[in-house]
1. In deg cm²/dmol and to the nearest 500, what is the mean residue ellipticity at 222 nm of the chain if only DSSP H runs of at least 4 residues count, each as -39500 (n - 2.57), divided by the residue total?
2. Kindly identify the chain as rounded, prolate or oblate by the Cα gyration tensor criterion: order the square roots of the eigenvalues as a ≥ b ≥ c, call it rounded if a/c is under 1.5, otherwise compare a/b with b/c, prolate if a/b is larger, else oblate.
3. Can you tell me which of 35-47, 4-16 comes out highest on packing, and rank the rest after it, using the mean Cβ neighbours within 10 Å?
Amino acid sequence: MSKSKIAITVDSVVLADLDALVRSGRFPNRSRAFERTAEAELARVSRTRLAAACLDLDRAEERAMADAGLRDDTASWPAY
């Protein structure tokens, strides 16, 4: 995978915390620390996209569709 250089502006507190992680050996350098953090955030956003989309659903409309589907399907259910 190819990599590109970018320039960013970071709050001094964030940078100090990041540098502490580099000094402790958690990351080999600032670049890798930022890269891993960005990867983790992108993965988190990807995982929560469905949950966010569900917040936009109309609960009453979804329930009405589910109930209608259940009423239509009960005739084809096997007798127990």
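1. Numbers: 3 runs with 53 residues, N = 80.
My calculation for the chain gives -22500 deg cm²/dmol from helical runs alone.
2. Values: a/c = 4.16, a/b = 3.40, b/c = 1.22.
Because a/c hits 1.5 or more and a/b exceeds b/c, the chain counts as prolate.
3. Values: 35-47: 10.6, 4-16: 7.5.
Listed from highest to lowest mean packing, they are 35-47, 4-16.
Since every read-out is calculated from the coordinates, none of them should be taken as a lab result. Model, not experiment: these values are computed from the prediction. Counting neighbours? That spans all protein chains shown, and the Cβs are built from the backbone with ideal geometry, glycine included.
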